[in-house]
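The values are calculated or read from the model by the stated rules, or taken from the named source; none is laboratory data. Keep in mind that what you see is a predicted model, and the values were worked out from it rather than measured. Reconstructed Cβ throughout: ideal geometry from the backbone, glycine too, with neighbour counts over all protein chains shown. Calculation scope for accessible area: heavy atoms of the full protein, side chains included, ligands and nucleic acids excluded. Shrake-Rupley method; radii C 1.70, N 1.55, O 1.52, S 1.80 Å.
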Amino acid sequence: MPDISLTTVVVLCLAALAAGWIDAVVGGGGLLLLPALLLGLPGGTPAAHALGTNKAVAIVGTTGAAVTYVRKTPVDVPTAVRIGLAALAGSMGGAFFAAGMSTDVLKPVIMVVLLAVAAFVILRPAFGTAPATGPASPKRILAAIGLAGLGIGFYDGLIGPGTGTFLVLALTAVLHLDLVSASATAKIVNCCTNAGALAMFTWQGAVLWQLAGLMAVFNLAGGMFGARTALKKGSGFVRVVLLTTVFGLVVKMAYEQWLA
């Protein structure tokens, strides 16, 4: 593990805890976790190591959240698994290309992603507040496999932050799910994307396992608690968290990009 101060390790663990909660409620925990790793790891650490460590942490919290959702709310697991298998393939492809990316490239890309999510949420005030409309048609499932599976899966392996949020948005739009059902389905898909990307980063030797193991404990606690919170509070609460998360991170990243 790189030479990291105790204070930095504590901050990274707290970031993992918060990211797990956010990711379970509405997705996008990586928008907090990856920037924390990029800032906390010593200068000169390859960006791929931050990406790989992020995946090793996130897969633990995502799995805990997925199990909590499946146990407590109806989820179309077969459809989620089909989308997830496509996402696994997509994420492995994205992770393969991510090895050559630098931190300087990642930060502005994350900023653009945040702004795009914020614009979408603002323009669709009623998005995801209606109850699920019932079983999805084969055409909608196929569209979800292409968009949420292959497309967002590739993005997750290549960059990662915001994948959970994008999955929630895509699944809500394509499968006509409410936000809670979309969050539950997204967690299963996200487990697959994390697994695919993590396998590739492990093969490349780009995971800081000691740091990841410690942060994963906090991420798991945050993920399980976040899933319970979302199930209890409902879609209206999830939407508020989504807006708060997106705008808070937009401000944070804008400050770091142009003012810090």
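Quick look at the numbers
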quantity	calculated
Members of segment 134-190 found to be of a type in the set (Ser, Thr, Tyr) and in a helix (DSSP H, G or I), listed by number	TYR155, THR163, THR165, THR172, SER181, SER183, THR185
Boolean, ILE188 is closer than 14 Å to VAL75 by Cβ, of a type in the set (Val, Ile, Thr) and either in contact (Cβ under 8 Å) with a residue 12 or more places away in the chain or touching an Asp or Glu at 6+ places or on another chain (Cβ under 6 Å) (or both)	yes
Flag if VAL11 is modelled with pLDDT under 85 and either aromatic (Phe, Trp, Tyr) or under 22 Å from VAL251 (Cβ atoms) (or both)	no
Residue match in segment 228-250 (condition: open to solvent by less than 10 Å² (accessible area, probe 1.4 Å), in contact (Cβ under 8 Å) with a residue 60 or more places away in the chain and among the aromatic types (Phe, Trp, Tyr))	no
Residue that is at positive phi, under 16 Å from the mean Cα position of the chain (by Cα) and in contact (Cβ under 8 Å) with a residue 24 or more places away in the chain, where the choices are GLY223, GLY162, GLY157	GLY162
Residue, farthest from GLY222 (Cα to Cα), within segment 1-38, restricted to residues that are over 17 Å from the mean Cα position of the chain (by Cα) and free of Cβ contacts under 8 Å to residues at least 60 places away in the same chain	ASP3
Count - residues of segment 176-190 that are hydrophobic (A, V, I, L, M, F, W, C), open to solvent by 10 Å² or more (accessible area, probe 1.4 Å) and modelled with pLDDT under 90	2
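Residues are listed down the side, and each one gets a yes or a no for (1) modelled with pLDDT under 90; (2) surrounded by 23 or more Cβ atoms within 10 Å (Cβ to Cβ); (3) under 18 Å from the mean Cα position of the chain (by Cα); (4) more than 22 Å from GLY223 (Cβ to Cβ):
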| position | (1), (2), (3), (4) |
| --- | --- |
| ALA48 | yes, no, yes, yes |
| LYS72 | yes, no, no, no |
| ALA95 | yes, yes, yes, no |
| MET101 | yes, no, no, yes |
| ALA116 | yes, no, yes, yes |
| PRO125 | yes, no, no, yes |
